[in-house]
Structure formats: structure tokens, C-alpha cells
There are 2 protein chains.
Amino acid sequence: MGRWEPNTRQRLAKAALELYSERGYEQTTVAEIARRAGLTERTFFRHYADKREVLFDGSEELRALFVTAVAGAPGSATPIDAMAAGLEAAGDLFHDRRPFARQRYAVIDANAELRERELIKLASLSTAIAETLRDRGVEEPAASLTAEAGMAVFKVGFERWIAENGERTLSALMRECLSELRNVTGGA
Amino acid sequence: MGRWEPNTRQRLAKAALELYSERGYEQTTVAEIARRAGLTERTFFRHYADKREVLFDGSEELRALFVTAVAGAPGSATPIDAMAAGLEAAGDLFHDRRPFARQRYAVIDANAELRERELIKLASLSTAIAETLRDRGVEEPAASLTAEAGMAVFKVGFERWIAENGERTLSALMRECLSELRNVTGGA
């Protein structure tokens, strides 16, 4: 139980998700999560502020990744192509995490407070991406609309990925959704 | 202070918004709202469940209006055209309510709990519209993507309308945003 034991965060996250799935998020205590992981409560609180943070731990990483990819797209890229670069980066992040993502999604979907938190996360992502697009010289309302459209593709693509048992990657499904969005809005 | 006094709801809503703007949403009590409106607390609670409901009172009306317009679009309308009919209907609803909408927006923007509630309202609108599009025979993911894109147009158009002092109507601004969305996604 040393402070720097490798994988402590992952063990805690795995234990937490298992318990949230088995008995519900509200009914699970930090003490139970620590016990399931074979660790102490003190160790839990060295890694997470509370039991909710276990589920939203990756938000900052996701935001940084999106913003970096959008900002780093070639100067010649159109706003939607820069957005697409962000979606590709997000797809890579989740690449080998489908079982975890699916379990997390089910836990969040079952709890109103967690669904709210998830909506706030997406709204804040959208705001950050719109800002990054404006930094690239994209004007309003194009920047906000591109960011919101990108979030729509992320959300719908993600839900399909969670629901599917097929071989298609999150990136492939988001590309498909982006193409479908172009289609419905009358684009190519 | 009779039960059926005309405009009681509006008087309460006006008093509530004034107080939320002046001293903050959290600091305002139902007793103060009733007093400002020259009514009793009992009358307040005959019209609204709590002080939050004053701000979200129109959610059901907006949803019904969107859904009816999308469902009622000609059978030959494309998904995005059906969505556009919903946006037009919503634009009409807010037509003469800009001062109220602007004040409401500022109150909501200043309070995390209210922002969450607003996000949930929009997410639930999107879900209802996607369902209506599926009822029109639109397949997934096109239905969800169209609904989400429509919500993006609604949200961005609404924020511009609130921010502007110009003469352009909400409907006009949403049409402009929809056209800009087609533009950024590579459409016409």
C-alpha cells in the first residue's frame, strides 16, 4: 500500500466501477471501494477527491487532447477539418477502453446527478473547442457552431460505439457520423 | 388575490426575475417574490412548485411546439427541413419576449445549478426531436445528428439574439446559423 504503488489509481477506478454497477452509485461508499481494491480509504483520498471524481477523472485529459489536436491542425484546414482532427485524437484515447467506457456509461445513465455532470463536461468541452477555433481565426458564429456540431458527432458516435459489439473503432464511427451530419445538413 | 386573477403567473414571474437579477437567485425567497408581486406565498405555490420552476416554466411548451412543428412538416421535407420548421416555431414563441429572455439568461448564467438545469432541458429537447424524426422514418444516426445540430443552431442563435440590440428576430438569426452550419460542414 505504498504511496507510489503502480496502478493504484486504476485498481481504485476498477473497484469503484464494479461496485457502482453491482449496487448502484449512491449506495457505494469510499470505504467499500478501498476495501474492494485492497487499499485504505486514505489511499483513495490521495488519488480522488470523492467517489464522483473516479468517473470524471479523464475530463481534463480529454479536453487537453481535443484542444491540442484542433489547435495543431494545419493552417490550411477548414474549421470542420480541424474539429475532425480533435475527434480522431479523442477516438485514439478511448481506443482500448470500450469495456470501461461502457460500464461507466451505464453507471452515469442510471443517475440524474451524474448525467448532469456529464452534460456539463460536454458543454465545457464545446466552449474550449470554440475558443481554440477562434484562436485559429474562425469567426462567430462559425466557431461555436463547428464546436457544437463536433460535440454532436462525438456524443452520437460514442453512444453507437458503446452500444455496438462490432469491430468498428470509435474513430471510424465518429467519421461515419460526421459524414452523416454533412449529409443531413445538405453537404457532401 | 382570487385564485383566477388574470396575469397572476406573469406578475409572479416578473417579480421573481427582478429579484433574482437584483440580489441573486440563491438569496431570493418565495416570500420576497410574493411580496414584490403583491400576492401571498400561498398564491405563489398555487402557480409554481418552487422558485426554480419560475425559470423553467416554459420548457414543456417549447418542447411541445418543437415536436409538433417537426412532426407536422410536409412528408417530403428532409430531416433538416423538418428541424428548421421546429426552429421557426420556437422563434415565433420567443418573438416578443427578448427582455424577459435576456434577464432570464443572465440569472441562469450566474448560477451553476441553473446552468445544469438548462443543459438538461436542451438535452431532453434533443431527445424528443430525435424521436419525432424517427417517427417520420428518419434512421439513426441521422435522426440524433439532425436533432443535435438543430439544438446547436437553437443555442447559438439564441445567444446571439440575447446579446444583440439589433432588429433581427430570433427566427432570422437561427436561419442564419443554420445556413452557417451548412457552410462549415461543407454544405450549400
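The values are calculated or read from the model by the stated rules, or taken from the named source; none is laboratory data. Note that the coordinates shown come from a computational prediction; the quantities given were computed from them, not determined experimentally. Don't worry about glycine lacking a Cβ; one is built from the backbone with ideal geometry, like all the others, and counts go over all protein chains shown.
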task: Scan the range B:153-188 for residues that are of a type in the set (D, E, K, R), more than 18 Å from the chain's Cα centre (by Cα), more than 7 Å from chain A (Cβ to nearest Cβ) and part of a helix (DSSP H, G or I) and report the count.
output: 1
- prompt: Is one or more of the residues making up the range B:77-87 modelled with pLDDT of 95 or more, within 13 Å of the chain's Cα centre (by Cα) and of a type outside the set (Lys, Arg)?
  reply: yes
message: Just to be sure before I move on: is B:Ala37 within 13 Å of chain A (Cβ to nearest Cβ), out of contact with any strand residue (DSSP E or B) (no Cβ under 7 Å at 6 or more places or on another chain) and either over 17 Å from B:Glu159 (Cα atoms) or surrounded by 15 or more Cβ atoms within 10 Å (Cβ to Cβ) (or both) in the structure I sent?
response: no
message: I need a count of the residues in the range B:60-117 that are surrounded by 15 or more Cβ atoms within 10 Å (Cβ to Cβ), under 28 Å from B:Thr28 (Cβ atoms) and within 14 Å of chain A (Cβ to nearest Cβ).
response: 6
query: In the range A:139-171, how many are more than 21 Å from B:Ala143 (Cα to Cα) and hydroxyl-bearing (Ser, Thr, Tyr)?
result: 2
